[in-house]
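The values are calculated or read from the model by the stated rules, or taken from the named source; none is laboratory data. In this text the structure is predicted, and so the values were computed from the model without any measurement. All Cβ positions, glycine included, derive from the backbone under ideal geometry; neighbour counts span all protein chains shown.
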Amino acid sequence: MASGRKPSFGHQPRKRFGQNFLHDPHIIDGIVRAIRPQPTDILVEIGPGLGAITEQLVDQVGQMAVVELDRDLIPHLKISFATRKNFHIYEGDALKFDFRRILADLGGERLRIVGNLPYNISTPLLFHLLTFLPLVQDMHFMLQKEVVDRLAAGVGDDAYGRLGIMVQYYCQVEPLFQVPPTAFDPPPKVDSAIVRLTPHATPPVTTASPAALGKLVTQAFSQRRKTVRNALKSVANDALLVQAGINPEHRPEQIALREYATLNDLILAASPDAG
Ligand code: SAM
């Protein structure tokens with residue numbers, strides 16, 4: 001197969017499941033090298049599709065679980081990986097999936113999670129995955145490049161906002177490499193990129209309530225063009241903003257994660273029921 005194209009079993013890619021199947025062997029190889037699979041790993045792939053990445057990983061790890069929503073793909077996966085005793089299929093929606101199940105079924109302490117994610121659900125899926133972080137060693141994802149830019153954005157960047165702030169609160173974010181549309185079948189309309197997310201062993205920033213921090217940042221960025229004084233006027237006055245080291249005249253994208261976390265704690269201390 002000079003093009004590296006995998007047999008499709010006659011499966012027609014479905015847009016509603018975000019199916020853009022990888023067929024470029026160099027890109028797949030790059031993803032596998034970035035993951036550095038180990039014999040002790042319990043690896044979870046979200047959306048294995050036709051198994052293009054799966055087949056390069058399954059023999060290199062201890063256990064491999066896949067979570068796939070499209071039930072038409074399940075028989076193909078069962079046939080393709082029938083001889084692999086360490087391969088486990090979970091049919092269902094990754095957005096609702098309880099990832100603790102895999103450790104309960106397979107034993108072990110921590111999961112490594114990978115996936116060429118369906119782009120239409122990537123943001124809610126990332127937020128869902130953040131709720132399982134104590135069980136997670138690391139995560140490698142293919143996402144729209146624009147989403148990787150948002151994940152990695154620093155204060156002042158155009159892409160800086162709720163997604164980056166909340167993911168950076170929990171994880172180290174490393175954009176790894178870009179992937180062109182031609183690597184997929186069918187090609188998506190946008191560039192893609194691979195990112196590694198590693199939960200912080202020691203969080204650089206903490207707050208008493210990450211959930212309240214999420215609400216605060218959502219409120220701040222819902223009025224991106226306003227000053228923080230205006231965007232946050234229902235929860236914080238100027239004195240509180242200044243106490244958190246925030247200039248009330250600044251816009252939400254000029255405020256660092258650390259300052260949002262400090263402000264969050266000050267708001268919680270001022271009205272403990274707010275979280
Ligand atoms: N890993 C394959 C590859 O790289 O060629 C397929 C990637 S494709 C971009 C996304 C995959 O996620 C598809 O197999 C799709 O059916 C699956 N998928 C879509 N929504 C899902 C969901 N909510 N839960 C689990 N899998 C999902």
request  = Say whether the condition of being small (Gly, Ala, Ser), surrounded by fewer than 17 Cβ atoms within 10 Å (Cβ to Cβ), free of Cβ contacts under 8 Å to residues at least 12 places away in the same chain and over 18 Å from His140 (Cβ atoms) is met by at least one residue in the stretch 80-91.
outcome  = yes
task = Report whether or not Gly51 is within 8 Å of the ligand (Cβ to nearest atom) and more than 15 Å from Pro118 (Cβ to Cβ).
result = yes
Those residues of the stretch 106-140 which are of a type in the set (A, V, I, L, M, F, W, C), in a strand (DSSP E or B) and touching a residue at least 60 places away in the same chain (Cβ under 8 Å) amount to Leu111, Ile113, Val114, Val136
If we take the stretch 175-275, then helices (runs of 4 or more DSSP H) inside it with 1 or more residues that are in contact (Cβ under 8 Å) with a residue 24 or more places away in the chain and either on the phi > 0 side of the Ramachandran plot or under 29 Å from the mean Cα position of the chain (by Cα) (or both) are 210-221, 228-231, 257-270
Taking the stretch 77-127 and keeping only residues that are within 13 Å of the ligand (Cβ to nearest atom), under 17 Å from the mean Cα position of the chain (by Cα) and within 24 Å of Gln60 (Cβ to Cβ), one is left with Ala94, Phe97, Phe99, Ile113, Val114, Gly115, Asn116, Leu117
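The rows are residues; the columns are (1) small (Gly, Ala, Ser); (2) within 30 Å of Arg110 (Cβ to Cβ); (3) modelled with pLDDT under 95.
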position	(1), (2), (3)
Met1	no, no, yes
Gly4	yes, no, yes
Pro13	no, no, yes
Gly18	yes, yes, yes
Phe21	no, yes, no
His26	no, yes, no
Pro39	no, yes, no
Leu43	no, yes, no
If you go through Val147, Val155, Val114, Val136, the only one that is in the same structural domain as Val58 (by TED's automatic domain parsing) and in contact with a Ser or Thr (Cβ under 6 Å, 6 or more places away or on another chain) is Val147
